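Data block below; observations after.
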Amino acid sequence: MYAEKVLSGMRPTGRLHLGHFHGVLANWIKLQHEYPCLFFVADWHALTTAYDEPGNITDNTRDMVIDWLAAGVDPSQAIIFIQSKVPEHAELHLLLSMMTPLGWLERVPTYKDQQEKLTHKDLSTYGFLGYPLLQAADILIYRADKVPVGEDQVPHIEFTREIARRFNHLYGKESGFEDKARESVKKLGSKRAKLYAEFRTRFQEKGEEAALEQAHELLNDAQNLSLGDRERLFGYLEGGGKMILVEPDALLTHASRMPGLDGQKMSKSYGNTIALREDADTITKKIRTMQTDPQRVRRTDPGDPDKCPVWQFHQIYSNDEVKNWVRAGCISAGIGCIECKQPVIDGVLKEQEPMRERARVYEEDPQLVKNIIADGCEKARKLAQETMRDVREAMGLDYS
Ligand code: TRP
Ligand code: SF4
């Protein structure tokens, strides 16, 4: 139940591009083989800023999920779902809002930053202020301990940790906790109980994180514990109450090395992107006409690869041999720019071929995508419901 678990979400922006692929998606695809993973479309989050233009959300969601699948996110490995199809997120968001100090939300840096950036929009809304809390609910509801995100999202993960800590502090208390915890330890069986006690001492007295991790593993392996014992034993390792919600860590996604066609960061708003599963002719044309070293006006002018965005593409798509050929040919005017671009064109097309292939199946049969999403939503919902049962009970809302 507290086993390692990865969760991440993306707002439905529609078609993704190579920047997303080389940054976020490549990471997801790697992680799906290493941990249980949940990846979701944060459609409610889209509404926090696009509340006045909701028209594209469903189309954007479909296009984005097809891109995930095309890129290699594998529905037999990872759970793919849509936030609004798991309404438990909203319930947890509401319940957490009861104990969330306004100041904590106002202090999250993205709050003011985004308001200043998106000046054309009134973002002094209740929903926008609550954005990080909704994100906290997304994470905590699956007790996910690993959240792959970019640098800009790190404050949101830190905020989520604070919310989990506050929740456990407020609702994880029970009278006679120490005595009950000692009883729960016994239920581990003598061998495990001894190890548990050892790990706990090592963590509490010497701050050994490794011991804490070993203890978590031990508890994960102890399958026959009741939920109450489990929460108590997790909590007893670190403090004086049950651990109902799990504090997550950010898994920092390294910024994509993928530059845009003009050498700036690849971004839709700069109009310098190559989309995933773009058709071959368009890709070829985009790269053929992309910017080169501005000093190299004529074919006979020598160039400088360090001033050329094409060179940055070679860093991603070419081996050393090709790169040496580019460098030597560029500074000596031995090769022309069109010639130089060909290996990049080939590289991008080759990378996209399996993506186009995978996407074709889903484009031709939209029902397939719907089924994958429905299946993912069902699985996610089961997990979310388990957590909500504990949360309601902890907050005094158990009517069973
Ligand atoms: N806020 C994230 C972004 O803009 C998207 C998101 C919503 C998210 N909920 C999440 C990411 C939960 C990770 C975990 O990129
Ligand atoms: Fe850029 Fe290649 Fe032309 Fe040199 S030869 S300017 S690296 S495109």
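The values are calculated or read from the model by the stated rules, or taken from the named source; none is laboratory data. Bear in mind that the values here come from a model prediction, so they are computed numbers and not experimental data. Here the Cβ positions follow ideal geometry from the backbone for every residue, glycine too, while neighbour counts run over all protein chains shown. Areas reflect the complete protein model, heavy atoms only, side chains present, ligands, DNA and RNA absent. Shrake-Rupley method; radii C 1.70, N 1.55, O 1.52, S 1.80 Å.
Condition check for ALA144 on (1) of a type in the set (Gly, Ala, Ser); (2) more than 13 Å from ligand 1 (Cβ to nearest atom); (3) assigned to a loop (DSSP other than H, G, I, E, B): one failure, at (2). Looking across the range 2-18 at every residue that is at pLDDT below 95 and within 15 Å of ligand 1 (Cβ to nearest atom), the one that is surrounded by the most Cβ atoms within 10 Å (Cβ to Cβ) is identified as THR13. Filtering GLU205, GLU178 for residues that are without any contact (Cβ under 8 Å) to a residue 24 or more places away in the chain and either surrounded by fewer than 19 Cβ atoms within 10 Å (Cβ to Cβ) or over 24 Å from the mean Cα position of the chain (by Cα) (or both) leaves a single hit, GLU205. Residues in the range 364-385 that are open to solvent by 70 Å² or more (accessible area, probe 1.4 Å) and free of Cβ contacts under 8 Å to residues at least 12 places away in the same chain: GLU364, GLN367, LYS370, ASN371, GLU378, LYS382. Contact annotation: residue pairs with Cβ atoms under 7 Å, 6 or more positions apart or on different chains, pairing a residue in the range 314-330 that is assigned to a helix (DSSP H, G or I) and of a type in the set (D, E, K, R) with a partner that is away from ligand 1 (no atom under 16 Å from the Cβ) and open to solvent by less than 40 Å² (accessible area, probe 1.4 Å), are LYS323/HIS314; ARG327/PRO305.
A residue that is open to solvent by less than 10 Å² (accessible area, probe 1.4 Å), assigned by TED's automatic domain parsing to the domain that holds GLN135, outside any helix (DSSP H, G or I) and under 30 Å from LEU233 (Cα atoms) occurs nowhere in the range 58-75.
Of all residues in the range 108-126, those that are farther than 22 Å from ILE157 by Cβ and touching a residue at least 60 places away in the same chain (Cβ under 8 Å) total 3.
Residue-by-condition table, conditions (1) of a type in the set (Val, Ile, Thr); (2) touching a Leu at 6+ places or on another chain (Cβ under 8 Å):
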| site | (1), (2) |
| --- | --- |
| GLY172 | no, no |
| GLY176 | no, no |
| ALA181 | no, yes |
| LYS194 | no, no |
| THR201 | yes, no |
| GLY207 | no, no |
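Pairs are defined by a Cβ separation below 9 Å, a sequence spacing of at least 6 or placement on different chains, a first member in the range 28-56 that is in the same structural domain as ASP113 (by TED's automatic domain parsing), and a second member that is of a type in the set (Asp, Glu) and not in a helix (DSSP H, G or I); the pairs so defined are ILE29/ASP74; GLN32/ASP74; HIS33/ASP74; GLU34/GLU4; TYR35/GLU4; PRO36/GLU4; ASP52/ASP122. Beta carbons closer than 8 Å, at least 6 apart along the sequence or on distinct chains, pair a first residue in the range 276-297 that is assigned by TED's automatic domain parsing to the domain that holds GLN312 and outside any loop (DSSP other than H, G, I, E, B) with a second that is within 15 Å of ligand 2 (Cβ to nearest atom) and open to solvent by 50 Å² or more (accessible area, probe 1.4 Å) for ARG288/ILE338. Filtering the range 208-223 to residues that are in contact (Cβ under 8 Å) with a residue 24 or more places away in the chain and part of a loop (DSSP other than H, G, I, E, B) leaves only ALA222. Which of the residues that make up the range 292-321 are buried (at least 16 other Cβ atoms within 10 Å of the Cβ) and more than 8 Å from ligand 2 (Cβ to nearest atom)? Across the range 292-321, the qualifying residues are GLN312, PHE313, ILE316, TYR317, SER318.
For the range 300-358, filtered to residues that are of a type in the set (A, V, I, L, M) and in contact with a Lys or Arg (Cβ under 8 Å, 6 or more places away or on another chain), the residue that is nearest to ASP67 (Cα to Cα) is MET355.
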